[in-house]
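Chemist: Please find one structure pasted underneath; my questions will follow.
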Amino acid sequence: MEYRNLSNFEIEALLNQHCTADDWDNVLVADGFNHDFVHSVAFSGIVKIGAICGRFTLPGGVEKPSGMRNVRLHNVTIGNNCCIENVHNYIANYTIGDNSFIENVDVIVVDGKSRFGNATEVSVLNETGGREVLITDKLSAHYAYIMALYRHRPALIDRMKDAARYYADKHASSVGSIGCNVKIQNVGTLRNMRIGDHCSIIGASRLSNGSINSNAEAPVHIGYGVVCDDFIVSSGSTIDDGATLSRCFVGQACQLGHGYSASDSLFFSNCQGENGEACAIFAGPFTVTHHKSTLLIAGMFSFMNAGSGSNQSNHMYKLGPIHQGVMERGAKTTSDSYILWPARVGAFSLVMGRHVHHADTSNLPFSYLIEQNNSTYLVPGVNLRSVGTIRDAQKWPKRDNRTDSHRLDFINYNLLSPYTVQKMMKGLTLLKNLRKASGELSDIYAFQGTKIRNSSLLNGISFYTTAIHKFMGNSVIKRLEAINFKSNDEIRARLLPDTPIGDGEWVDISGLIAPKSEIDNMVAEIECGELNKLKSMNAEFERLHRNYYTYEWTWVYNHLEQFYGIKLEQITAADVVDIVEKWKEAVVGLDRQVYDDARKEFSLASMTGFGADGSRIEKELDFEQVRGDFESNPFVTAILDHIVAKTALGNELISRLQPLIAD
């Protein structure tokens, strides 16, 4: 944009409109500047002003012209058609984009050179330090996971910190920015802030040393009473209703409000926090807490829902708050649950009651942890038949509210994956060995600070076996779909993996499920300096996510022989049909159990509280009007449709292979 000096006529007019300047030669304007809309403005330093010819329509139909009224501007560049009025102190050292509206603000200032929240150290998981994550605009859940947990590789951590500091220094400035189409109204202090396009900040009390990465695709809203210090907010997020954040990163499409408070915490894509409190938590994607009495502290979570009154302890009154815990993906807590860290809860498990014995159930996923007489009873695998587990798996993709085309986190929603299935395989071995070591007739088995009843152990073996059949069979069917095979050799050739990548252990890097070998390779490249930019590191995470199914098949292929006892170089159509038949039995069996679990929601006991003043018939009618009937429930009909569709899918492959078996 080209600027010119004010004419003598314009200076005279501005003086008559109660404007002042330390030096009028330092006030520069662009074509379209209209002095008629500039009143009671004090200019100092170098001030550049764009065109003034637009109007703003406010809620209620009120219209205001662009321009400047009742404000002191110091070293400020203002874009076209902005409205800035009633700034009680001043705006200093800022660039303001086109069509932005700023009204009734205390002060907007950059004081010295600022990184705008970048490279702020967040003492996640351990309040006393040792797992600090340096936050940046480009921080992903996966990058943060490695920086927080791979402390056994100090050279790696130094490189990652250097990359974060390099980015922070590269974007540091003594001039802040407010983007285009930004609305800032009734706000207290904005200090050392960088604010993206289309952001709305309405009624916030204080925002200090931060970046708000709003954009046209995914605007950010900061609402009434919000206080944020040393922070970064990613695109599409909302922070409202008195939320208080200190040293926090807020990922894309998060919602924090209703008085929620957090310190030294990381919230990644689609997290929700209301009413409660967080301290030193690593909240992976879809971590949700809604209740006033809930405290999440020093824990790592993802795909997690915290029940009311859930809390944890990160110290045992000895050496301070040094303990941490992990609830693997999909783990949930019921109301009034409590865990004494350190502990590790397996994936997709449910925690009920108070647990103080530091259990590690990571190799027994899909379990219940139930407190009884101050002991933790473990029910392995039972959550595989829960209607709630299936509903959760279906709802997460639908509740991904990210609208930004550039996504920071790469999220795998699969309930069954090499990550969870490898754990179930270990769990199977563990349960069988436990039964063998303690005796088949034992009433109770002891494991890692928990107790397992005999019936629960046997059911766990059955649940895990069924789930593994389901996963393995599904992968085989997918691999062989839409091909008419003419020989067993063609089947064997098709089953061969496309890449050796994927064999071995898999990990969940806070939402990203990937082979550990690839994560190790990436870590080594960072350590040696081959990967040294945040952008290139995030590109590697994207590559791993994009190739998930290719790598998954490698893992499945290399475990078929172990699980089914089939020599892969000799596998035949008959062997594949046997796998598919076991798969059909597993899928239908699990669906039937989920169906029966869903039916409980429509039992007479569930109708308690319905039909307030009437008979049983009125109770049932009232329930049906509010909740619907069982057979027409969308989730129930989806289960029945799933049984039909999967059965047909299996039968279709069997029919294609049948000629080879007949031969």
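The values are calculated or read from the model by the stated rules, or taken from the named source; none is laboratory data. Just so it is clear, the structure is predicted and the values come from calculations on it, not from any experiment. Positions of Cβ are backbone-derived with ideal geometry, glycine not excepted, and every protein chain shown enters the neighbour counts.
Chemist: Within the stretch 197-218, which residues are under 18 Å from C82 (Cβ atoms) and either among the small types (G, A, S) or not in a strand (DSSP E or B) (or both)?
Modeler: If the condition is that a residue be under 18 Å from C82 (Cβ atoms) and either among the small types (G, A, S) or not in a strand (DSSP E or B) (or both), then D197, H198, C199, S200, S214, A216 are the ones that fit.
Chemist: For residues in the stretch 319-378 being part of a strand (DSSP E or B) and β-branched (V, I, T), which is farthest from A467 (Cα to Cα)?
Modeler: I339
Chemist: Can you tell me how many residues in the stretch 101-159 are polar (S, T, N, Q) and in contact with a Pro (Cβ under 7 Å, 6 or more places away or on another chain)?
Modeler: Within the stretch 101-159, residues that are polar (S, T, N, Q) and in contact with a Pro (Cβ under 7 Å, 6 or more places away or on another chain) number 1.
Chemist: Consider A586 carefully, then state whether it is of a type in the set (A, V, I, L, M, F, W, C), loosely packed, with under 13 Cβ neighbours inside 10 Å, within 26 Å of A393 (Cβ to Cβ) and at pLDDT 65 or above.
Modeler: It is false that A586 is of a type in the set (A, V, I, L, M, F, W, C), loosely packed, with under 13 Cβ neighbours inside 10 Å, within 26 Å of A393 (Cβ to Cβ) and at pLDDT 65 or above.
Chemist: Residue under question is T128, and the condition is that it be modelled with pLDDT under 95 and under 30 Å from P321 (Cβ atoms); does it hold?
Modeler: yes
Chemist: Another question, then. When residues of the stretch 514-548 are filtered for being touching a residue at least 12 places away in the same chain (Cβ under 8 Å), among the polar types (S, T, N, Q) and either part of a helix (DSSP H, G or I) or under 18 Å from Y166 (Cα atoms) (or both), how many remain?
Modeler: The total comes to 3.
Chemist: Right, here's the next one. Give me the residue from the stretch 1-30 that is exposed (fewer than 14 other Cβ atoms within 10 Å of the Cβ) and over 21 Å from Y94 (Cα atoms) and, out of that set, nearest to the chain's Cα centre (by Cα).
Modeler: Among those residues, the one meeting the criterion is H18.
Chemist: Sort through E581, E601 and tell me the only one that's at pLDDT 85 or above and within 30 Å of F366 (Cα to Cα).
Modeler: Testing whether each residue is at pLDDT 85 or above and within 30 Å of F366 (Cα to Cα) leaves just E581.
Chemist: On the basis of being at pLDDT below 95, loosely packed, with under 14 Cβ neighbours inside 10 Å, more than 27 Å from G502 (Cβ to Cβ) and under 19 Å from the mean Cα position of the chain (by Cα), does K398 make the cut?
Modeler: Answer is yes for this residue.
Chemist: Still on this structure, please answer the following. Could you check, for the stretch 402-413, whether at least one of its residues is assigned to a helix (DSSP H, G or I), of a type outside the set (A, V, I, L, M) and touching a helix residue (DSSP H, G or I) at 6+ places or on another chain (Cβ under 9 Å)?
Modeler: Within the stretch 402-413, not a single residue is assigned to a helix (DSSP H, G or I), of a type outside the set (A, V, I, L, M) and touching a helix residue (DSSP H, G or I) at 6+ places or on another chain (Cβ under 9 Å).
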